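> Submitted below is the structure of interest, expressed as structure tokens.
Computed from the coordinates by the stated procedures, all read-outs in this text should not be read as laboratory data. As the structure is a computational prediction, the values presented were derived from the model and not from experiment. Reconstructed Cβ throughout: ideal geometry from the backbone, glycine too, with neighbour counts over all protein chains shown.
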Amino acid sequence: MQPATRCLRVALPRVHRAPRLVRSLGTQAPETSGNSSPRTTSFGFKIVPEDEKESLVKNVFDSVASSYDLMNDASSLGVHRLWKDSLISTLRPGRKGPLRCIDVAGGTGDIALRILDHAREKYADRETTVEVVDINGQMLKEGFRRFKKTMYHNTPQISFHEANAQELPPSQFADNTYDLYTIAFGIRNCTSIPDVLKEAHRVLKPGGTFACLEFSRVNNPLLSLAYDQYSFTMIPLLGTILAGDRASYQYLVESIRKFPPQPEFASMIRDAGFTTGKDVDGGAWTDLWGGIACIHKAVKI
């Protein structure tokens, strides 16, 4: 039975805090009886106990929250903005009328703002709503600060909630509620990807769309080699120079390499109950820049 939850205001208004729910989910090492070893998962290239990963990831994003845009611009040479634009262009929010959207691991508000702007500018839609969900309060505060500069501030179109993507409180995020679920550059940081996908399926309405933008697997050997050299050499160096934080940037590079390749992730999405296209570029997924990033889309039937 789920524990009772409350929607509390954090440091800033309209940022709602749900109790953090933590459990050991998704194993890489099987659990045995008797003197069993703790379940483990990856934290970059390190293997850590599952119950430690959440706090380790939280420390990374606490560290980079105020410089998150700078980090993304430096690590992708600004291309992450084009990839996010591509995600929204493929979804076309507002085309068929107002949507109820949930953007998970979206604390800084990048995707939410793009959804609302697209719906308003392309389709004169001022009724689409986005609920931004993130486990990290510092990232949510950064997103709230940004939205104070927009026309959506203090309107029903946007709200911020602190909650765990692996276990969204049903009292706050009910079954069959949302038309669109988005998660951009966040799912690889979760302890259990299958549990995130199951929750996404639960909260979406039948016919609702799941859309994930994430770094992925580069298939061209020459591009992969150049990408690896840039990632492991330049990105941690830029972290040191621009943010004084090499370790967090090193983790982000390593976490990308640990994320499953396109066909494997598409299979995980189907295992959660979704329907996807065929396992080819342009079907279940769309590669961006040779697979450096990738958009996965699926539908809840």
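> Please verify whether Asn189 is crowded, with 19+ Cβ neighbours inside 10 Å, closer than 22 Å to Asn72 by Cβ, within 20 Å of the chain's Cα centre (by Cα) and touching a residue at least 40 places away in the same chain (Cβ under 8 Å), treating the condition exactly as stated.
Details: crowded, with 19+ Cβ neighbours inside 10 Å: yes; closer than 22 Å to Asn72 by Cβ: yes; within 20 Å of the chain's Cα centre (by Cα): yes; touching a residue at least 40 places away in the same chain (Cβ under 8 Å): yes.
For Asn189, the condition - crowded, with 19+ Cβ neighbours inside 10 Å, closer than 22 Å to Asn72 by Cβ, within 20 Å of the chain's Cα centre (by Cα) and touching a residue at least 40 places away in the same chain (Cβ under 8 Å) - is met.
> Against the condition in contact with a His (Cβ under 7 Å, 6 or more places away or on another chain), over 27 Å from Arg270 (Cβ atoms) and surrounded by fewer than 23 Cβ atoms within 10 Å (Cβ to Cβ), how does Ser159 come out, does it pass? Lay out the reasoning, then the answer.
Details: in contact with a His (Cβ under 7 Å, 6 or more places away or on another chain): yes; over 27 Å from Arg270 (Cβ atoms): yes; surrounded by fewer than 23 Cβ atoms within 10 Å (Cβ to Cβ): yes.
Against the criterion (in contact with a His (Cβ under 7 Å, 6 or more places away or on another chain), over 27 Å from Arg270 (Cβ atoms) and surrounded by fewer than 23 Cβ atoms within 10 Å (Cβ to Cβ)), Ser159 qualifies.
> Restricting the search to region 289-301, which residues are surrounded by 19 or more Cβ atoms within 10 Å (Cβ to Cβ) and either free of Cβ contacts under 8 Å to residues at least 24 places away in the same chain or part of a strand (DSSP E or B) (or both)? Spell out how you get there, then give the answer.
As a first pass, look at region 289-301 and keep what is surrounded by 19 or more Cβ atoms within 10 Å (Cβ to Cβ): 291-298, 300.
If the condition is that a residue be surrounded by 19 or more Cβ atoms within 10 Å (Cβ to Cβ) and either free of Cβ contacts under 8 Å to residues at least 24 places away in the same chain or part of a strand (DSSP E or B) (or both), then Ala293, Cys294, Ile295, His296, Lys297, Ala298 are the ones that fit.
Yes/no matrix, rows are residues, columns are (1) touching a Cys at 6+ places or on another chain (Cβ under 8 Å); (2) within 30 Å of Lys96 (Cα to Cα); (3) without any contact (Cβ under 8 Å) to a residue 12 or more places away in the chain; (4) assigned to a loop (DSSP other than H, G, I, E, B):
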{"residue": "Lys198", "(1), (2), (3), (4)": "no, yes, no, no"}
{"residue": "Arg202", "(1), (2), (3), (4)": "no, yes, no, no"}
{"residue": "Leu222", "(1), (2), (3), (4)": "no, no, yes, no"}
{"residue": "Ser231", "(1), (2), (3), (4)": "no, no, no, no"}
{"residue": "Pro236", "(1), (2), (3), (4)": "no, no, no, no"}
{"residue": "Thr240", "(1), (2), (3), (4)": "no, no, yes, no"}
{"residue": "Tyr251", "(1), (2), (3), (4)": "no, no, no, no"}
{"residue": "Ser255", "(1), (2), (3), (4)": "no, no, no, no"}
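> Do we find that Phe144 is farther than 20 Å from Pro98 by Cα, aromatic (Phe, Trp, Tyr) and outside any strand (DSSP E or B) in this structure? I'd like the intermediate steps shown before the answer.
On the way: farther than 20 Å from Pro98 by Cα: yes; aromatic (Phe, Trp, Tyr): yes; outside any strand (DSSP E or B): yes.
So Phe144 passes the test.
> In region 90-128, what residues are part of a strand (DSSP E or B), over 17 Å from the mean Cα position of the chain (by Cα) and under 13 Å from Thr182 (Cβ atoms)? Before the answer, list the steps.
Step one: filter region 90-128 for residues part of a strand (DSSP E or B), giving 94, 97, 100-104.
In the following step, the residues that additionally are over 17 Å from the mean Cα position of the chain (by Cα) were identified as 94, 97, 100.
Within region 90-128, Arg100 is the sole residue that qualifies.
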